[in-house]
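Below is one structure; the comments refer to it alone.
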Amino acid sequence: MKPAARKTTLMLASALTLVAAAPAFARGDPVAGKALVWTCTGCHGVEGYKNAYPNYHVPKLGGQNEQYLVNALTEYKKGERAHPTMRTQASSFSDKDITDIAAYLSSVGTASEK
């Protein structure tokens, strides 16, 4: 085998190995997720909303990266992120609910885009 062909073959094999080794990302159902986010809009759907204590801006979630949302909700559910309200909310969702919520929220635009 020629050196150039060997290099191409090794690069292709490496790329395929990386793709095969990557964890599968389960996409949620945005229609099911839309029915679940009504509890989220009480804080995350109010323009300019700030938490009373501690005082900080509550982020908008529309258009956020789907995998980021899955990770964040899962971490709140497991207690790996410290926020009592979010932990309570996330604890009420199944893993499927979390992927559905993330699918829906990532599919809608932010308030500034509407």
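Each reported figure results from applying straightforward, stated rules to the coordinates on display, with no laboratory input. Just so it is clear, the model here is predicted, and its values are computed rather than measured. Please note: Cβ atoms are built from the backbone with ideal geometry, for glycine as well, and neighbour counts cover all protein chains shown.
Quick notes on this structure:
- Within the stretch 51-71, the residues that satisfy the criterion of being surrounded by 12 or more Cβ atoms within 10 Å (Cβ to Cβ) and farther than 19 Å from S107 by Cα are N51, V58.
- Flag for V46 being part of a loop (DSSP other than H, G, I, E, B) and touching a residue at least 12 places away in the same chain (Cβ under 8 Å): yes
- Residue within the stretch 72-83 that is closer than 21 Å to S106 by Cα and touching an Asp or Glu at 6+ places or on another chain (Cβ under 7 Å) present: yes
- Odd one out for G62 among (1) in contact (Cβ under 8 Å) with a residue 24 or more places away in the chain; (2) over 19 Å from A35 (Cα atoms): (2)
- For the stretch 73-114, residues that are surrounded by 20 or more Cβ atoms within 10 Å (Cβ to Cβ) and under 11 Å from the mean Cα position of the chain (by Cα) total 10.
- Within the stretch 59-112, helices (runs of 4 or more DSSP H) holding 1 or more residues that are of a type in the set (D, E): 66-78, 95-107
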